[in-house]
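Enquirer: One structure, as structure tokens, below. Some questions next.
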Amino acid sequence: MCYGLHFLTSTLIALFMVRRSSSHPLWPADNEFDFKYGWISEDEITIAREQAKQMFYFGYDNYLNHAFPLDELDPIHCTGRGPDYAHPENININDVLGDYSLTLIDTLDALVVFQNKSEFHRAVRLVIDTVSFEKNVTVQVFEATIRVVGSLLSAHMILTNENSYLGDYSMPDYDGELLTMAHDIVLRMLPAFDNTLTGLPYPRVNLVNGVLPGTINETCTAGAGSLILEFGVLSRLLDDSTFEILARKTNARLWNFRDKHTGLLGNVIDVQTGEWKGTLSGLGAGLDSFYEYMLKAYILFGDERDLKMYLDAQDQIWTHMRKGRTQCRSGDGQPPIYVNVDMRDGKVLNTWIDSLQASYAGVQVLDGMLDEAICFHALYYAVWKKYGALPERYNWHLKAPDVSFYPLRPEFIESTYLLYRATKSPFYLHVGREIMDSLNMYSRVRCGFATVHDVIEKSLEDRMESFFLSETSKYLYLLFDDANPVNKNYHRLLFTTEGHIFPISDKFRDAESLSPILELNVSCQPNVIEDKIYPPLTESRFNQIFKMMGYYGDDVNAA
């Protein structure tokens, strides 16, 4: 922890000196708030970009040195971890860890984002030579799909130049092995789709023995309904529609289980009976990526059914979940917030939001709902300022965490990045720097970045999940690297829910429908200089949101 504090302090001093010496001929700030969140110099951006890069490699190098070939790094004790074979019921670990070098696989296209061709090729070769899915492990279908299959497909398309927008990363001795591996693990997961009365997949499957006796029948909506991007791309690369058909049938069946009166989905369903075991309907855990993938599936594949489902879902979300004034940045009344409701009648079920829900601002950006995304993101920024982290659940009525840990999730950071791409407001660069300072202050340890066990006490857990490298660090770096090929070709690329990069191309949708989608993907870019100088909300609007979320004071991580 002492090294993290020293690193942070040095960075803050450097930034302060740059700030003092900076000037901007168009700087119009006439108050402290606009100055604090306004124009940022190129020197400051360069420092932040290098800081993000250093954070990534600090975690990545320590994983390779202390944890590989195990799945994850325990950064406090500088060791690795794999599945909990002694306790199969430990789904917190075993849903994710499959004894297949998860962190290395999940990080492949991050190395391309950091433009490290030699290390990307070395990592690909390590995966090909050392990873096997012939393992007697039971994993969650959703987690294996988004972390493993998504990354293997992304890296494969980069290697073969089917995704040429990131540069030439062709590898002379590559022969499609990553695509073969993606096909292999998906085939091993297909038994999850067999022998359920609803046609919805079991949530977990053993990679050798299929669905084991006693496997629980309950799955979450997002877990079953967020396979379409990875399964669809796999089908099209293999010219085998089996996998896309399965994912589409699953989504259609989930959709048919909506409540007949409200049109809402619950968060947990029995795959045998179709009975909703969890009637919470919201935008967070259990539902989040289902909505995200409806929209992204339409963008990637052009199937109008996906768009219709997404738009119908948004109508019900707006009707039942959204509270507050009609417009975020104008009008009177409380700022907008999306609440958790009972799917059966639309009544408010509780008064918490969760950290996964922060990704919805990014979905709103993709949908062109920029006004909504700005206010939605600001809610989470208020909580971050209060704690220097995001608690897993935050009670906006009690103004305190309901669940206090923070596993370094990327969703708030992802939305920060996407809002910056859409607005170019320097506010989001300032937010990104605050996020990095907090991570270095509170979670940086001897061999990586540790999960924050309690955002109030700042106690830590000895775990660095793979998404810290595959998403959290990646989005932070992209936020400060305008010249990155990802940002130069932003309108031609799509991030999966795990941050893996798929090309929007006529390989996946017909050429006639491709051009309008590419135009829509840049439609929110600013065209006036003020958008690149002022914060997206006035000081009074921000203060109203801060007060609503219980943040009243100085930055918790002020130095």
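The values are calculated or read from the model by the stated rules, or taken from the named source; none is laboratory data. Because the structure is a prediction, the values reported are computed rather than measured. Neighbour counts run over all protein chains shown; Cβ positions are idealised from the backbone, glycine included. For accessibility, only protein heavy atoms count, side chains too; no ligands or nucleic acids. Shrake-Rupley method; radii C 1.70, N 1.55, O 1.52, S 1.80 Å.
Enquirer: If you average the alpha carbon positions of segment 380-458 and of segment 36-90, how far apart do those two centres end up, in angstrom?
Expert: Each part reduced to its Cα centre gives a spacing of 15 Å.
Enquirer: Using +1 at the Cβ of each Lys and Arg and -1 at the Cβ of each Asp and Glu in the chain, identify which of Tyr381, Leu238, Phe412 lies farthest towards the dipole's positive end.
Expert: Tyr381
Enquirer: Ordered by packing density, taken as the mean number of other Cβ atoms within 10 Å over each peptide's residues, highest first, how do 431-444, 451-464 rank?
Expert: Ranking, from highest mean packing down: 431-444, 451-464.
Enquirer: Here's another thing I want to ask about it. Out of residues 5 or more away from Val452 or on other chains, whose amide H comes under 5 Å of its own, with H placed 1.01 Å from N in the peptide plane?
Expert: Amide H neighbours of Val452: Tyr406, Leu408, Glu461.
Enquirer: What figure, in Å² to the nearest 10, do you get for the accessible area of Met294 with a 1.4 Å probe and non-protein molecules left out?
Expert: My reading of the accessible area for Met294 is about 10 Å².
Enquirer: Lys488: which aspartates and glutamates have alpha carbons under 16 Å from its alpha carbon, excluding same-chain residues fewer than 8 sequence positions away?
Expert: Those aspartates and glutamates meeting the cut-off are Asp168, Glu519.
Enquirer: Rolling a 1.4 angstrom probe over the protein chains, ignoring ligands and nucleic acids, what is the accessible area of Glu177 in square angstrom, nearest 10?
Expert: Rounded to the nearest 10, the figure is 50 Å².
Enquirer: Mind putting a number on the dipole of the chain about its Cα centre? Charges go on the C-beta only, +1 for Lys and Arg and -1 for Asp and Glu, and I need it in Debye to the nearest 20.
Expert: Result for the chain is approximately 960 debye, rounded to the nearest 20.
Enquirer: Report, by chain and number, residues whose modeled amide H sits under 5 Å from the one on Leu493, excluding near sequence neighbours (fewer than 5 apart, same chain).
Expert: Ile504
Enquirer: Would you mind working out the magnitude of the charge dipole of segment 247-383 relative to its Cα centre, with +1 at each Lys and Arg C-beta and -1 at each Asp and Glu C-beta, to the nearest 20 Debye?
Expert: Around 200 debye, computed over segment 247-383.
Enquirer: Please compute the alpha carbon radius of gyration of segment 286-382, then divide it by the globular-protein estimate 2.2 N^0.38 Å. Two decimals is fine.
Expert: The value comes to 1.09.
Enquirer: How much solvent-accessible surface does Trp396 expose, in Å² to the nearest 10, with a 1.4 Å probe and all protein chains in place?
Expert: Using a 1.4 Å probe on the heavy atoms, I get roughly 60 Å².
Enquirer: If you average the alpha carbon positions of segment 250-318 and of segment 325-366, how far apart do those two centres end up, in angstrom?
Expert: 17 Å
Enquirer: Quick one: dipole size for segment 83-212, taken about the Cα centre, charges +1 on Lys/Arg Cβ and -1 on Asp/Glu Cβ, in debye to the nearest 20.
Expert: Its charge dipole is roughly 100 debye.
Enquirer: OK, next. Which of Leu178, Val431, Pro191 sits closest to the plus end of the dipole of the chain, meaning its Cα is farthest towards the positive end, when Lys and Arg get +1 and Asp and Glu get -1 on the C-beta?
Expert: Sorting the options by dipole projection puts first Val431.
Enquirer: Give, in nm to one decimal, the length gained when the segment between Ile216 and Thr79 is fully stretched (0.36 nm per residue of separation minus the Cα-Cα distance).
Expert: 46.1 nm
Enquirer: Let me ask something else about it. What value in Å³ per residue do you get for the convex hull of the alpha-carbon atoms in segment 163-302?
Expert: 132 Å³
Enquirer: Name the helices (complete DSSP H segments) of the chain with a Cα length along the long axis of 27 Å or more and a Kyte-Doolittle mean of at least 0.0, or state none.
Expert: 2-21
Enquirer: Okay, moving on. If each residue of separation counts as 0.36 nm, what is the full-extension length gain between Thr180 and Asp312 once their alpha-carbon separation is subtracted?
Expert: Length difference between fully extended and current span is 43.8 nm.
Enquirer: How far, in nm, would the chain grow between Glu32 and Gln115 when pulled straight, counting 0.36 nm per residue and subtracting the alpha carbon separation?
Expert: Full-extension gain reported as 26.1 nm.
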